[in-house]
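The structure appears right after this line, and notes come after that.
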Amino acid sequence: MIVAVVGDSISAGSPLWDPDPSIRARIAHPDERSQWQWWANATESRLEFRTRAAYGKRTDEIAAFVDDVAPGAEVLVVQGGINDVAQGRPVDDAARNLSGIVAHGRRLGLRIVLADVLPWPSGDDHAAREIARLNELVHAIESVTPLPFHDALAPLEGWSDDGDHPSVDGHRVLGELAARVLLEAQL
């Protein structure tokens, strides 16, 4: 099953990995295990991922990635929103952008899996409230298979090394969850 993925640094695998070889070349010790897709494929080898994701991208910028990875894919995983929160953008706009990405993916004939926004250990109380509000809006988007990244990591200790991104172990948790969700939904 070919799975297209669009997102921000979470799907790119920051800080230890990036799907772009030119960016990866600048990482001191790249580790492909720092990408949830690697763990999903390790869990279920029938899943083949095509990823277009980049550090710092907001949902309006992620929307431009879909056409790069969609050809030949069966499923589109959409992940994003934390940079909208971090940059002080309205979460209602981020939710509309995500809904637009979902609609575009449907027009392309793809089944859609929509990730919610991870907790942000380095964020403040305001950011936590904005993430919670954005996740409410994400969960209200219809006709998608939800990918509950937030709840998978929230109760865990030490899932982030830098306070912004999942550690290798955090990516493992997300990847194993993604594999289950993709298979259980019979995508």
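Quick look at the numbers
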read-out	value
Correct choice for Cα Rg over 2.2 N^0.38 Å that was computed from the model, options [x] 1.12; [y] 1.06; [z] 0.93	[z]
Nonlocal amide H pairs with ARG50, under 5 Å, H built at 1.01 Å	VAL3, ALA4, VAL5
The chain: relative contact order in percent, alpha carbon pairs under 8 Å with at least 6 residues between	26 percent
GluC sites (Glu not before Pro) restricted to region 120-187 and DSSP loop, no more than 14 other C-beta within 10 Å	GLU142, GLU157
Residue (of GLY56, ALA86, HIS104) at the positive-pole extreme of region 33-127, dipole from beta-carbon charges	HIS104
Where labels lie 7 Å past Cα in the beta-carbon direction, separation of ASP92 and ASP161 in nm	4.0 nm
Rounded if a/c under 1.5, otherwise prolate or oblate - region 120-187, Cα gyration tensor axes	oblate
Around VAL144: net Lys/Arg minus Asp/Glu count, Cβ-Cβ under 10 Å	+1
Residue-wise HN-Hα coupling along region 113-126, computed from phi with Karplus coefficients 6.51, -1.76, 1.60 (Hz; x: Gly, Pro)	10, 10, 7, 8, 8, 5, x, 10, x, 7, x, 9, 4, 4
Filtered trypsin sites (Lys or Arg not before Pro), region 2-36: DSSP coil and at most 14 other beta carbons within 10 Å	ARG26
3J(HN,Hα) from dihedral phi, region 47-62, Karplus parametrisation 6.51/-1.76/1.60, rounded to Hz, x for glycine, proline	8, 10, 9, 10, 10, 10, 8, 8, 4, x, 7, 8, 4, 5, 7, 4
Total formal charge among the other residues, if their Cβ is under 13 angstrom from that of ASP67, Lys/Arg +1 and Asp/Glu -1	+2
Sequence-distant residues sharing a close amide H with THR145 (under 5 Å, placed H)	ILE112, VAL113, LEU114
Pairwise label distance in nanometres, ASP125 with ARG26, each label 7 Å out on the Cα-Cβ vector	3.7 nm
Electrostatic dipole magnitude of the chain [Cβ: Lys, Arg +1; Asp, Glu -1; Cα centre; debye, to 20]	540 debye
Accessible carbon and sulfur surface of the chain relative to its total accessible area, %, 1.4 Å	48 percent
Antiparallel bridge percentage (DSSP; both residues within the chain; nearest 5)	5 percent
Karplus-derived HN-Hα couplings along region 82-99 (A = 6.51, B = -1.76, C = 1.60, θ = phi - 60°), whole Hz, x at Gly and Pro	5, 6, 4, 5, 4, 8, x, 7, x, 5, 4, 5, 4, 5, 4, 4, 4, 4
About the Cα centre, charge dipole magnitude for region 92-187 (Lys/Arg +1, Asp/Glu -1 at Cβ), debye	660 debye
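The values are calculated or read from the model by the stated rules, or taken from the named source; none is laboratory data. Only a predicted model underlies this, so the values are computations on that prediction, with no experimental measurement involved. Backbone-built Cβ (ideal geometry, glycine too); neighbour counts: all protein chains shown. Only protein heavy atoms, including side chains, enter the accessible area calculation; ligands, DNA and RNA are left aside. Shrake-Rupley method; radii C 1.70, N 1.55, O 1.52, S 1.80 Å.
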